[in-house]
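K.L.:
Sharing a structure here in structure tokens format.
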Amino acid sequence: MRDREIKALLAKADEQVHVDEIRKQKTYHAMIEIMEEQRTPVMSTKNILFHQFWYMDKLFFAVYGVLICLGIISITALQYTGLNQDGMITVCMVGAGILSITSIGVIDKLFFGKMAELGESCYFNTKQCVAAWLILSGMINIVILLSMAGYLGYHWKAKLLQVGLYILTPYLISSSTALQILSMETRGKNSALFGISAIFLSISYVVIASIPRVLFGTTLCIWAAAFLVSGFLFVIQIKKLLSKMERGEVLCTN
């Protein structure tokens, strides 16, 4: 017997079965109610991420917050000491670099716990948590730095774009350097490398700011080019880090 003939016989048999439409609808609605009762409530993505960050070690979050507060207090205190415009911009350049390295250093301490397999078994894997922290800390840092640039621009009647480039360019350079360190297979030496890079870059920013006329409006094109290049490198370093994390190369070695 062919398949077509079997299907025809089954269709004919179904026609002979009488279905009570009222009972059919009652059964259907009863099944829907049972499924609704047995459905497990699912938390929103925002709440899941909030709970994961909430149960993490708060020490490095506290260090990050204290560093921001100390930076604001230091800038206010230096203003009352009579520090000139170039000196204040230099301090902000150094502070922006240290802030970026610290916020990325938090990733090394909180998310890289030599438990790549456990991290991948969670609802959000380590890569997603790191991406969420990069976005969150980046937004906080940018708001702080732009507020700082706006304050300095208002106090010394300088252009916001000009002061913003002076502050954001060192921030992106330091962030790219810290991400490169995070991507390296350093086997537990990241903390020392973060400290060394922070000191080296801070000295570099002081040396650059001490060059005559480097903070003048005539060099704004050079600063804009440096900002675009450092921003491009920053994006590349983020993609490189997330790619290595996805393959487990960073988590299993740091």
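The values are calculated or read from the model by the stated rules, or taken from the named source; none is laboratory data. Remember, it's a predicted structure, so these values are computed and weren't measured experimentally. Virtual Cβ from ideal backbone geometry, glycine too; neighbours counted across all protein chains shown. Side chains included, ligands, DNA and RNA excluded: accessible areas come from the protein's heavy atoms. Shrake-Rupley method; radii C 1.70, N 1.55, O 1.52, S 1.80 Å.
K.L.:
If the limit is 31 Å between Cα atoms, which of 58/157; 58/159; 159/239; 109/159; 58/240 go over it?
P.N.:
58/157; 58/159; 159/239; 109/159
K.L.:
Let me ask another. If I model a spin label as a point 7 Å beyond the Cα along the Cα-Cβ vector, how far apart are those points for residue 210 and residue 2 in nm?
P.N.:
Roughly 9.5 nm, to one decimal.
K.L.:
Which of the peptides 92-101, 156-165, 24-33, 70-79 is most tightly packed, and how do the rest follow, going by the mean number of other Cβ atoms within 10 Å of each residue?
P.N.:
Packing proxy ranking, top to bottom: 92-101, 156-165, 70-79, 24-33.
K.L.:
On to the next question. To the nearest 0.05, how large is the calculated FRET efficiency for residue 155 and residue 44 if R₀ is 35 Å and r is the Cβ-Cβ distance?
P.N.:
Values: r = 43 Å, r/R0 = 1.22.
Efficiency, rounded to the nearest 0.05: 0.25.
K.L.:
Another question, if that's okay. If ligands, DNA and RNA are left out, what is the accessible area of residue 234 with a 1.4 Å probe, given in Å² to the nearest 10?
P.N.:
Here the residue's solvent-accessible area equals roughly 50 Å².
K.L.:
If you take every residue apart from residue 29 with its C-beta less than 15 Å away from the C-beta of residue 29, what net charge results, scoring Lys and Arg +1 and Asp and Glu -1?
P.N.:
With Lys, Arg at +1 and Asp, Glu at -1, the neighbours total -2.
K.L.:
Rolling a 1.4 angstrom probe over the protein heavy atoms, how many square angstrom per residue are accessible across segment 188-249? Before the final figure, lay out the partial values.
P.N.:
Details: 3850 Å² over 62 residues.
Accessible area per residue, segment 188-249: 62 Å².
K.L.:
Given labels modelled 7 Å from the Cα in the Cβ direction, how far is it in nm from residue 180 to residue 33?
P.N.:
My value for the distance between the label points is 6.7 nm.
K.L.:
Heavy-atom accessible area of residue 3 with all protein chains present, probe 1.4 Å, nearest 10 Å²?
P.N.:
110
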